[in-house]
Amino acid sequence: MIMPFAVGKDKAAEALINQLGLSIYEVLVFGDDANDLSLFRLFPYCIAMDNALSELKSIAWGITASNDHSDSIAKILWDFGLGIL
């Protein structure tokens, strides 16, 4: 995917948390591919999917099941006590 230099998930997420009055420490981001690298560099709490690029996994705060499983995000939220299954 080719996008303009100033456009990315990190810019969109940063604009959203600013609008909501949140800090980067109040957000949990998930990713599995190269287009998620900018998010992982911006947010300290980033979770890589088990099938993610090794580069993402190496900088991730945590790793959850592959995104081939429909409950992979719910699983990590449950593990951290942030969700109800």
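Nothing in this text is a laboratory measurement; each read-out follows from the coordinates by a stated rule. Just so it is clear, the model here is predicted, and its values are computed rather than measured. No Cβ is skipped: glycine too gets one built from the backbone with ideal geometry, and neighbour counts run over all protein chains shown.
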Notebook entry, point to check: Sorted by packing (mean other beta-carbon atoms within 10 Å per residue), highest first, where do 42-50, 63-71, 26-34 land?
Noted result: 42-50, 26-34, 63-71
Note to self: Over the chain, with a Gaussian network built from C-alpha contacts below 10 Å, which listed residue (Leu56, Leu37, Leu20) shows the highest mean-square fluctuation?
What the structure shows: Leu20
Next item on the list: For segment 24-79, just the Cα set please: Rg and Dmax, both in angstrom.
Entry: 10.2, 28
Next item on the list: With only Lys, Arg, Asp and Glu charged, each at its Cβ (+1 for the first two, -1 for the last two), find how big the charge dipole of the chain is about the Cα centre; round to the nearest 20 debye.
Entry: 200
Next item on the list: Residues in segment 11-50, backbone N under 14 Å from the label point at His69 (7 Å along the Cα-to-beta-carbon vector): list them, ranges by number please.
Entry: 48-50
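Tell me the net charge near Leu56. Cut-off is 9 Å between Cβ atoms, Leu56 excluded, with +1 for each Lys or Arg and -1 for each Asp or Glu.
On the way: positive: Lys57; negative: Asp32, Asp33, Asp36, Glu55.
Within the 9 Å Cβ shell, the charges total -3.
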Notebook entry, point to check: Along the charge dipole of segment 39-85, which of Leu42, Leu77, Ser54 sits closest to the positive end, that is, farthest toward it, with unit charges on the beta carbon of Lys, Arg, Asp and Glu (+1, +1, -1, -1)?
Noted result: Leu42
